[in-house]
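Everything below concerns the one structure shown next.
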Amino acid sequence: MELASTIHHDGDGGVADDLETVRGTTRWIQQESGLPGAGGIVADEELRDRIVGVRRAVRALFARVVSPAAPSPADAHRLMPADEALARLNAAAARELVAPQLEWPAEGAPAARLLSAEDDPRVRLVAALARDAVDFLSGPEREQLRACHAPRCVRYFIRSHGRQEWCKPSCGNRARVARHYERTRGATERTVSGQRGADG
């Protein structure tokens, strides 16, 4: 979800992209503490392109999940085909050879981790992003994925209860205000139109 959410409302009626520049991509990587080796990676244009490619695939597959509802308006007009998105996501995940390893301390519960045969932290990073998306899209939370359709919002979100329509309360407030404005404007236009008819 974090990768898909690097496209978001900019606060001024437009869309912001946290990965638009190499500097922004580096900032995002270093803020994502759960990513392997993230703290020490400085992005270049090649790494930015690979991460953006995974994100495009993820957002195309998110659009497939929420269908027949409308996808996020941020990229609805330029989504890659689902089969291309699947191929891109699987190829990125396959670039890192990993093997599950079981760790079981004397005091505590067993835990699994992935042991990587890859030395390049950039390859590990992109593969981890792709694997996370594969895990999400093949898991039970996928059924709760929605696109927020509040005015100006472009996020996908995981619905936490059955009636949730928006990603956050402020989006719900904006949607209610917009609906009220449309109802009020519609009533005003009908009144003005009726007065013109009476005058004519």
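The values are calculated or read from the model by the stated rules, or taken from the named source; none is laboratory data. Keep in mind that what you see is a predicted model, and the values were worked out from it rather than measured. Don't worry about glycine lacking a Cβ; one is built from the backbone with ideal geometry, like all the others, and counts go over all protein chains shown. Surface areas here come from the heavy atoms of the whole protein model, side chains and all, with no ligands, DNA or RNA. Shrake-Rupley method; radii C 1.70, N 1.55, O 1.52, S 1.80 Å.
Close contacts from the stretch 45-74, counting a first residue that is within 15 Å of Arg142 (Cβ to Cβ) and a second that is open to solvent by less than 60 Å² (accessible area, probe 1.4 Å) and among the basic types (Lys, Arg), with Cβ to Cβ under 9 Å and a gap of 6+ residues or different chains, come to Pro71/Arg59. Could you please find all residues in the stretch 10-52 being open to solvent by 60 Å² or more (accessible area, probe 1.4 Å) and of a type in the set (Lys, Arg)? Correct list: Arg23, Arg27. Entry remark, the stretch 118-152: residues being touching a strand residue (DSSP E or B) at 6+ places or on another chain (Cβ under 7 Å) and either outside any helix (DSSP H, G or I) or closer than 12 Å to Pro36 by Cα (or both) number 6 in total. Checking each residue in the stretch 90-141 for being under 23 Å from Phe157 (Cα atoms), of a type outside the set (S, T, N, Q) and open to solvent by 70 Å² or more (accessible area, probe 1.4 Å) picks out Asp132, Asp135, Pro140, Glu141. The lone criterion from (1) among the charged types (D, E, K, R); (2) in contact with a strand residue (DSSP E or B) (Cβ under 7 Å, 6 or more places away or on another chain); (3) under 21 Å from His8 (Cβ atoms) left unmet by Glu103 is number (3).
Residue by residue, here is whether (1) assigned to a helix (DSSP H, G or I); (2) crowded, with 19+ Cβ neighbours inside 10 Å holds:
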{"residue": "Val54", "(1), (2)": "yes, yes"}
{"residue": "Val58", "(1), (2)": "yes, yes"}
{"residue": "Leu61", "(1), (2)": "yes, yes"}
{"residue": "Pro71", "(1), (2)": "no, yes"}
{"residue": "Met80", "(1), (2)": "no, no"}
{"residue": "Asp83", "(1), (2)": "yes, no"}
{"residue": "Ala87", "(1), (2)": "yes, no"}
